Amino acid sequence: MSTVVNNDAIQLTGTVAKMHTKLGENGQPVSYKLPVGDEFISMNEAIGRKIRLEYTGKIFCTHCNRKTKKSFSQGFCWPCFQKLACCDSCIMSPEKCHYHNGTCREPEWGEKFCMTDHVVYLANSSGIKVGITRASQVPTRWIDQGAVQALPVLRVATRQLSGFVEDLLRQDVNDRTNWRAMLKGQTVEIDLEQERERLLDKYADGIDALLQEHGLQAVQPVTDAVPLDIHYPVTEYPTKVTSFNLDKNPVAEGVLMGIKGQYLIFDTGVINIRKYTAYELNIEVS
């Protein structure tokens, strides 16, 4: 069920998760919907309105729905964090994948999410960065990072291989986003196609070594893609970025000035919604 923000006030209580996104067409901004329990708020239509978020003190694990005092790995209770493959350390460091050793926490999950095509890409969110994502998560991953430009560089056969390639390229290119700079909206346009060619040439030997070890189809350059430009629904960027912390102060409120990445930008500060996955919030739009 989707709740459209109109002239009427909205009051909802429920657990939240990262916002659902849809890429805008023909230069239109990304559209955002915030999950609140079983409902959704169309957040683009809330821009210019006052919003109040209040943390109730309750967190419910996104996997087992157990009430937990603390969220681990963005939304899990401690037992699930310890046993689920999606919470293993190799998710953050894919080059450490141990599926081939027969020690994956959930082999069926690994087959579906890790032993599948991944894309190594360049993006411009707070400057150029290299990243990886499942092919099925393009362009969602880029939007979630607040990238204004993105370009596939290589298509690889597994998540671990994408980690090996990223290891090569991040010798030259950052692999992290400066979220404060991203939220100020001062990103300078970059020639990503030129950067792609430069990096493929510079690290050709390393990529060839991976081909020799894993097969000719394991790593394929994506040379025909063109950069994707991404626009966000922001009426005013902050000059100074101050973030809300619901664990320290349960209330975040202000006039919504825009949305970028998974951040709500208020006139009073910013909040990373994804950080509070599984938190139960009282939400008011007035």
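Things worth noting here:
- Exactly one residue out of 15, 68, 103, 62 is surrounded by fewer than 15 Cβ atoms within 10 Å (Cβ to Cβ) and of a type in the set (S, T, N, Q): that is 103.
- All helices (runs of 4 or more DSSP H) inside the range 154-239 with 1 or more residues being surrounded by 13 or more Cβ atoms within 10 Å (Cβ to Cβ) and in contact with a Leu (Cβ under 8 Å, 6 or more places away or on another chain): 159-169, 192-202, 204-214
- Residue check, residue 260 outside the structural domain of residue 143 (by TED's automatic domain parsing), among the charged types (D, E, K, R) and in contact with a strand residue (DSSP E or B) (Cβ under 7 Å, 6 or more places away or on another chain): yes
- Count of residues meeting criterion [among the hydrophobic types (A, V, I, L, M, F, W, C) and touching a helix residue (DSSP H, G or I) at 6+ places or on another chain (Cβ under 8 Å)] in the range 41-73: 3
- Among all residues of the range 204-224, there is none that is under 30 Å from residue 48 (Cβ atoms) and free of Cβ contacts under 8 Å to residues at least 40 places away in the same chain.
- Test: residue in the range 73-84 that is under 21 Å from residue 219 (Cβ atoms) and among the hydrophobic types (A, V, I, L, M, F, W, C): no
- For the range 170-213, a residue qualifies if it is of a type in the set (Gly, Ala, Ser) and at negative phi, and the qualifying residues are 181, 204, 206, 209.
- For the range 25-37, the set of residues classified as modelled with pLDDT of 95 or more and surrounded by fewer than 20 Cβ atoms within 10 Å (Cβ to Cβ) consists of 28, 29, 31, 33, 35, 37, listed by residue number.
- Scanning the range 41-83 for residues that are free of Cβ contacts under 8 Å to residues at least 40 places away in the same chain and of a type in the set (Lys, Arg), we see that the one that is farthest from residue 278 (Cα to Cα) is 83.
The values are calculated or read from the model by the stated rules, or taken from the named source; none is laboratory data. From a predicted model like this one, the values you see are computed outputs, not experimental measurements. Ideal geometry is used to build each Cβ from the backbone, glycine not excepted, and the neighbour counts take in all protein chains shown.
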